[in-house]
Amino acid sequence: MKTYKAVLFDAGNTLLYTSPSVAEIYHALAKQYGCQASVDEVREVSKRTYLELKEALFTGNPEYRVSDEEDLKRWTAITTATFRQLGLNDCADKIAEELVRTFKDPKIWRLFPEVIEVLSRLKSEGYKLGIISNWSSALLHLCAALGLERYMDVISVSAVVGWEKPSPRIFQKALSSIKVLPEEALYVGDTYQDDILGARNVGMEAILIDRLSINNYPGPRIQDLRELYPLVRCP
């Protein structure tokens, strides 16, 4: 079994999630402005709009450069288009602004039940811990508010670092800051392209966390962070 010095994590859907769900938050705002669509309909429109705009907004950037301004521009474009698709043309911009404020608010974010237990145990065993996430700088405030910050030796946020996953640079910068080699670190995330491939491309081992068992990824996969214990020799 391989010996690691560090365990690094993605943030969204790995350590934390929204409550209500993203679709429920979108639906509640849409309803305030007169939209009669159901939660499922809002979810479907949101997903479809994201997929339609993803290529235009996220490609053409081979170095995966990003900033808070660029991050805000992308998500404003996606959310505005979503609410226009729902028939809220006159107030789509206003709703998008409200959503930005909403998702920065720690009150809507929750840690998965096992997160603090796992981080505390790994920390007590001497592992260096960190977060590598594609997020705006607002994640730093969320980590402090949710009690994650005190466990972390590094929090590498794309909009702050200047590169987003799967760029090797965001992984390399995090590893450099904690003085750990890629082969000495294990990375855990919930997406194949950004997390698994991104980490492996710099020489890290990577494990997919698939909490709902909906991914057909054939490689190493867990549903709960406590499944890491035998993998990192945590008694």
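Laboratory data are not the source of any read-out in this text; all were calculated from the coordinates shown. Nothing here was measured: the structure is a model prediction, and the numbers come from that model.
A few notes on this one:
- Where both bridge residues fall in the chain, DSSP classifies roughly 15% of the beta bridges as antiparallel.
- Inter-part distance where segment 205-234 and segment 66-132 are each reduced to a Cα centre, Å: 23 Å
- For the chain, calculated [θ]222 nm from helices alone, where every DSSP H run of n ≥ 4 adds -39500 (n - 2.57): -12500 deg cm²/dmol
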